[in-house]
Every structure is written in C-alpha cells, then in structure tokens.
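To start, the structure itself, in structure tokens.
The values are calculated or read from the model by the stated rules, or taken from the named source; none is laboratory data. In this text, all values refer to a predicted model and were calculated from it rather than measured experimentally. We place every Cβ from the backbone using ideal geometry, glycine too, and count neighbours over all the protein chains shown.
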C-alpha cells in the first residue's frame, strides 16, 4: 500500500495488510521474530507499537518464565509479558506501562507504551 499522507509511513501489519501510521515503534513483522516468538502490535490513534514476545499457553501456568505472565498477544495468540503491579507507577520502566494483559483483566504485565 503506497500513498500515505505526508508525515505518515506505510507499516506492514501481517502477510497481506498494511496501514498508514503517523508514528511507528518497533520493526517486526518486517524483521522476523525469533523461533517461538510472535510479533505483537498495538494500534491507537494513528500510532503503532510492534514487538516480539515469547509464545505461551494461557491454560498452563508454567508456560512463561518466572516473573512473567501469559497474556493476549493478538486475538488468537498468547504471549509472555513481564509481571507488574499496577499500584507501582514505575513498575515497568521507561517506554513501558503496566496494563491488564488477559481478557478477564486479572493479570497485569508490562507492555510498550503506545502514547507519544
């Protein structure tokens, strides 16, 4: 897809979809993730954040390493996130925020911040 407005870039979302975005963080899926990883993406208000994360099984508590939680990587894939406490504002460090990562909103993990 070409023809994005000035100040926007054409970003690959998956094998067939592209979108014009004003801000992009991360270089997957153009740069392949490692074995056993998935390219997670979060799109919000014309901005996109893309990062690789280990695949996991939400039905198995031990499918992520210690200190991590299995959460939503996409609508059909689960990936590992560093566990965090939402009561601690700087729990995740710069460029990350502590957010719910499971559909039932009970598990919290560090996710790249999609805000500028």
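Worth pointing out:
- Counting residues in the stretch 53-67 that are closer than 29 Å to residue 8 by Cβ, in a strand (DSSP E or B), at pLDDT below 95 and under 12 Å from the mean Cα position of the chain (by Cα) gives zero.
- Test for residue 35: is it modelled with pLDDT of 90 or more and under 15 Å from the mean Cα position of the chain (by Cα): no
- The one condition in (1) closer than 30 Å to residue 4 by Cα; (2) at pLDDT 90 or above; (3) touching a strand residue (DSSP E or B) at 6+ places or on another chain (Cβ under 8 Å) that residue 95 fails to fulfil: (2)
- Counted residues, the stretch 75-90 - those being modelled with pLDDT under 90 and more than 13 Å from residue 40 (Cβ to Cβ): 2
- Residue 41 passes every criterion in (1) under 15 Å from residue 107 (Cα atoms); (2) touching a residue at least 24 places away in the same chain (Cβ under 8 Å); (3) within 15 Å of the chain's Cα centre (by Cα) apart from (1).
- Hits in the stretch 68-91 - residues which are part of a loop (DSSP other than H, G, I, E, B) and either without any contact (Cβ under 8 Å) to a residue 12 or more places away in the chain or within 14 Å of residue 53 (Cβ to Cβ) (or both): 73, 74, 75, 76, 77, 87, 88, 89, 90
- For residue 38: the one exception among (1) touching a strand residue (DSSP E or B) at 6+ places or on another chain (Cβ under 6 Å); (2) over 27 Å from residue 16 (Cβ atoms): (2)
- Filter result (surrounded by fewer than 20 Cβ atoms within 10 Å (Cβ to Cβ) and either on the phi > 0 side of the Ramachandran plot or not in a loop (DSSP other than H, G, I, E, B) (or both)) within the stretch 100-116: 100, 105, 112
- Pair list, Cβ under 6 Å, 6 or more apart: the stretch 2-16 residue touching a residue at least 24 places away in the same chain (Cβ under 8 Å) and on the phi < 0 side of the Ramachandran plot, other residue surrounded by 10 or more Cβ atoms within 10 Å (Cβ to Cβ) and assigned to a loop (DSSP other than H, G, I, E, B): 8/22
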